[in-house]
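*Asks:* Below is a structure I'd like to ask you about.
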Protein chains: 2
Amino acid sequence: MSADVIPLRAAAPQPSLAPLLSLTAAGMNSVNAIILDRMQSEIPLIPTLAGHLIAGGGKRMRPMLTIAGAALCDYQGARHHKLAAAVEFIHTATLLHDDVVDGSELRRGKQTANVVYGNPATVLVGDFLFTRAFELMVEDGSLKVLKILSKASSVIAEGEVDQLTAQRKVETSEEHYLSIIGAKTAALFAAATRIAAVVAERSEADEAALDAYGRNLGIAFQLVDDAIDYDSDAAEMGKGKGDDFRDGKMTLPVILAYARGTTEERQFWQEAIAGFRCEDEDLAHAVALIAKYDTVAATRERARHYAQRAIDAIAVFPAGPARAAMAEAAEFAVARRY
Amino acid sequence: MSADVIPLRAAAPQPSLAPLLSLTAAGMNSVNAIILDRMQSEIPLIPTLAGHLIAGGGKRMRPMLTIAGAALCDYQGARHHKLAAAVEFIHTATLLHDDVVDGSELRRGKQTANVVYGNPATVLVGDFLFTRAFELMVEDGSLKVLKILSKASSVIAEGEVDQLTAQRKVETSEEHYLSIIGAKTAALFAAATRIAAVVAERSEADEAALDAYGRNLGIAFQLVDDAIDYDSDAAEMGKGKGDDFRDGKMTLPVILAYARGTTEERQFWQEAIAGFRCEDEDLAHAVALIAKYDTVAATRERARHYAQRAIDAIAVFPAGPARAAMAEAAEFAVARRY
């Protein structure tokens, strides 16, 4: 005669970032202190503009993954703090330049730096953060880490140019799209996790395992980012909704809707991606077509595949809180709504 | 009864870059081959856009100075070729971003990359070249060189932001201006020459001497660049004439004309630098005021001082063709009309 309601089935547990946040909390305190310290400059506009984006939140996934990877490798030192800050600076620099390139107006629910401070300052402060990243790496002094991160940086830049070249081209294939996000997003995730194995002086196989974890997780993250931009169910995002549509970016939800569509629907996509249909009603039509072919769900399914590969890549490491947190982060990457 | 005209005095010899070009010709062949090789990418827009600027000529002063510095140090190896290419990539990346920041339309007599390919691609290819520079340095493997060039890169970025902040501010002082050009221009000249001593494994004193040579030469070069933008006698430049004026940049010819001017003239400068007087007739008036106070000549005189310091800095090295070519390059920096 208890008043408790016993559910027939336990609700499926919602994967969360909480274990990763808790695993990396102490390390991230050090990383955040380094970020704050190293974005300073005698030129006041630099910390002001950099702070606008850096203080604006963001998950700091990449440095967290470096910290988590080091925990997975049972690394006891502190070298990875500076390197994780370098990774975040590289990421921040690319975000600043991305927003200039896309003419974005919103990021993480705030006006972008380019709107507040203008394109010129945003380009130059991006450059500054990028150079600071390299100074941090040079201070660490590992040529191996420098090689990994300078290669990743150059791959990112290539990926960004590739994405720009593919923009407004409705014929972009899923293969080409995967190659773009592998470069612009996954390369830095892979480098962020791989360097944890390097500082911990683990085997080449462990390095490769962490690289594979990061790379697959990065692809999953980007797929879901691109799904969310068309997800009519998703909560309001920080990013301006429909940005990808108006920019004529061929992301997977669109690539699949185009492939699965009728001749008439393809005509719509051709005009929209070319930039001739970018009104609110056009966006609404795009979202409706994407719902019709369920390509947001299909994109999440693709993401699930990569997340599973990420989880399996670190199965070679001993079970424990680090591996569990990293596995749940991969599940979170697929399930997240923001 | 000869028909020959015997001049009363020999004409003062015009300093030339020819000895430096000849000293560095073989080395620069290797450097140019590396530049061409390393600006390649599978993304076709990258070599196309980079090539637009790189093939567009330019003196390649900075890599030439690395090659000349190595000759001065009697260095017999080839490591400096890759590093000189890295220096030129850093320089090229900053030029691409500068042109976006300033909205420039002409450089070296050609349309700028941002006009031909747009700002987004120009920003991203600049990023790409910058990352390629770091990859080249990492391949060389000297942490000392990496430290010098990553520090120089971050100082350049700070100088660029400082210059942007000072733009349209008529109250900019000569001291502040010197600090800006010391960062945005001279830091890379100093690094380019210093690394020659590093690869040659010379003493700290020799490193410092080459650093001082490059730094002072860089200041002289920038001063004369800024003088030429207002020099009514100068031949047509590649750069769009009067760009600094229309951008509201407080360069030394203007700083001195403002300081030496009447109340009425200062009123003109205030309005012009603030951006309210930027027609052709305003530029003509500015050039007339600069002629009235002879501040192009005064700027060249300041440049002469730094060029002399550059020449004296390398007096510690043995006399010979390298030292002579580098000294004449400093004299050329002051005398040049383009």
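*Asks:* Show me the helices (runs of 4 or more DSSP H) found entirely inside the stretch A:247-334 where at least 1 residues are among the aliphatic types (A, V, I, L, M) and over 23 Å from the mean Cα position of the chain (by Cα).
*Replies:* On the way: elements: A:252-260, A:263-273, A:280-292, A:295-313.
So the answer is A:252-260, A:263-273, A:280-292.
*Asks:* Can you tell me which residue in the stretch A:95-106 is nearest to the other protein chains (Cβ to nearest Cβ), limited to those that are surrounded by 24 or more Cβ atoms within 10 Å (Cβ to Cβ) and in contact (Cβ under 8 Å) with a residue 60 or more places away in the chain?
*Replies:* Ranking the candidates gives A:V101 first.
*Asks:* Continuing with the same structure: Any idea how many residues of the stretch B:46-98 are acidic (D, E) and in a helix (DSSP H, G or I)? Before you say what the answer is, go through the steps one by one.
*Replies:* Of the residues in the stretch B:46-98, the ones acidic (D, E) are B:74, B:88, B:98.
Within this subset, residues satisfying the condition of being in a helix (DSSP H, G or I) are B:88, B:98.
Selection size over the stretch B:46-98: 2.
*Asks:* Identify, from the list B:D231, B:D225, the residue that is under 20 Å from the mean Cα position of the chain (by Cα) and not in a helix (DSSP H, G or I).
*Replies:* The match here is B:D231.
*Asks:* If you check B:I195 against the conditions, is it within 14 Å of chain A (Cβ to nearest Cβ), part of a helix (DSSP H, G or I), more than 14 Å from the chain's Cα centre (by Cα) and surrounded by 22 or more Cβ atoms within 10 Å (Cβ to Cβ)? It would help to see each step written out before you state the result.
*Replies:* Working: within 14 Å of chain A (Cβ to nearest Cβ): yes; part of a helix (DSSP H, G or I): yes; more than 14 Å from the chain's Cα centre (by Cα): yes; surrounded by 22 or more Cβ atoms within 10 Å (Cβ to Cβ): yes.
It is true that B:I195 is within 14 Å of chain A (Cβ to nearest Cβ), part of a helix (DSSP H, G or I), more than 14 Å from the chain's Cα centre (by Cα) and surrounded by 22 or more Cβ atoms within 10 Å (Cβ to Cβ).
*Asks:* Please indicate, with yes or no, whether at least one residue in the stretch B:38-45 is in contact (Cβ under 8 Å) with a residue 12 or more places away in the chain, under 30 Å from A:I180 (Cβ atoms) and not in a helix (DSSP H, G or I). Full working, then the answer.
*Replies:* First, pick out the residues of the stretch B:38-45 that are in contact (Cβ under 8 Å) with a residue 12 or more places away in the chain: B:38-39, B:41, B:45.
When the remaining residues are screened for being under 30 Å from A:I180 (Cβ atoms), the result is B:38-39, B:41, B:45.
This time we only want the ones that are not in a helix (DSSP H, G or I), so: B:39, B:41.
There is at least one residue in the stretch B:38-45 that is in contact (Cβ under 8 Å) with a residue 12 or more places away in the chain, under 30 Å from A:I180 (Cβ atoms) and not in a helix (DSSP H, G or I).
*Asks:* Kindly provide the set of residues from the stretch A:21-46 that are surrounded by fewer than 18 Cβ atoms within 10 Å (Cβ to Cβ) and of a type outside the set (A, V, I, L, M), ordered by number.
*Replies:* A:S22, A:N29, A:S30, A:N32, A:D37, A:Q40, A:E42, A:P44
*Asks:* Any residue in the stretch B:324-338 that is touching a helix residue (DSSP H, G or I) at 6+ places or on another chain (Cβ under 7 Å), surrounded by fewer than 14 Cβ atoms within 10 Å (Cβ to Cβ) and under 30 Å from B:A205 (Cα atoms)?
*Replies:* yes
Let's see how each residue does on (1) within 30 Å of A:H285 (Cβ to Cβ); (2) modelled with pLDDT under 95:
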{"site": "A:L164", "(1), (2)": "yes, no"}
{"site": "A:Q167", "(1), (2)": "yes, no"}
{"site": "A:H176", "(1), (2)": "yes, no"}
{"site": "A:A183", "(1), (2)": "no, no"}
{"site": "A:I219", "(1), (2)": "yes, no"}
{"site": "A:D229", "(1), (2)": "yes, yes"}
{"site": "A:G238", "(1), (2)": "yes, yes"}
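*Asks:* Those residues that are facing another protein chain (nearest Cβ under 7 Å) and not in a helix (DSSP H, G or I), I need them from the stretch A:130-176; list them, please.
*Replies:* If the condition is that a residue be facing another protein chain (nearest Cβ under 7 Å) and not in a helix (DSSP H, G or I), then A:G141 is the only one that fits.
*Asks:* Now for a different question. Within the stretch A:114-129, can you find the residues that are free of Cβ contacts under 8 Å to residues at least 60 places away in the same chain and at the interface with chain B (Cβ under 7 Å from one of its Cβ atoms)?
*Replies:* If the condition is that a residue be free of Cβ contacts under 8 Å to residues at least 60 places away in the same chain and at the interface with chain B (Cβ under 7 Å from one of its Cβ atoms), then A:P120, A:V123, A:L124, A:D127 are the ones that fit.
*Asks:* Considering only the stretch B:104-119, state which residues are within 19 Å of the chain's Cα centre (by Cα) and in a loop (DSSP other than H, G, I, E, B).
*Replies:* B:S104, B:E105, B:R108, B:G109, B:T112
*Asks:* Further, regarding this structure: Considering only the stretch A:139-183, how many residues are closer than 18 Å to A:W269 by Cβ, over 20 Å from the mean Cα position of the chain (by Cα) and among the aliphatic types (A, V, I, L, M)?
*Replies:* Qualifying residue count for the region: 1.
*Asks:* To continue, here is another question. Name the residue, out of A:T262, A:T251, that is polar (S, T, N, Q) and in contact with a helix residue (DSSP H, G or I) (Cβ under 7 Å, 6 or more places away or on another chain).
*Replies:* Numbers: A:T262 fails: in contact with a helix residue (DSSP H, G or I) (Cβ under 7 Å, 6 or more places away or on another chain).
One residue alone meets the criteria, A:T251.
*Asks:* Would you please name the residue that is nearest to A:T295 (Cα to Cα), looking only at residues in the stretch A:267-283 that are touching a residue at least 60 places away in the same chain (Cβ under 8 Å) and surrounded by fewer than 17 Cβ atoms within 10 Å (Cβ to Cβ)? If you could, list the steps in order and put the result at the bottom.
*Replies:* The first filter runs over the stretch A:267-283 and keeps only residues touching a residue at least 60 places away in the same chain (Cβ under 8 Å), leaving A:269-270, A:273-275.
Going one step further and asking which of them are surrounded by fewer than 17 Cβ atoms within 10 Å (Cβ to Cβ), we end up with A:270, A:274-275.
Values: A:Q270: 17, A:A274: 20, A:G275: 21 Å.
The residue in question is A:Q270.
*Asks:* To continue, here is another question. Give me the residue from the stretch A:132-175 that is surrounded by fewer than 24 Cβ atoms within 10 Å (Cβ to Cβ) and polar (S, T, N, Q) and, out of that set, farthest from B:K184 (Cα to Cα).
*Replies:* A:S173
*Asks:* Also: Kindly establish whether B:I181 is more than 21 Å from B:A85 (Cβ to Cβ) and more than 9 Å from every other protein chain (Cβ to nearest Cβ). Before you say what the answer is, go through the steps one by one.
*Replies:* Values: more than 21 Å from B:A85 (Cβ to Cβ): yes; more than 9 Å from every other protein chain (Cβ to nearest Cβ): yes.
Here the answer is yes, as B:I181 does meet what is asked.
The values are calculated or read from the model by the stated rules, or taken from the named source; none is laboratory data. Note that this is a predicted model, so its numbers are computed, not measured. All Cβ positions, even for glycine, are placed from backbone atoms using ideal geometry, and neighbour counts span all protein chains on display.
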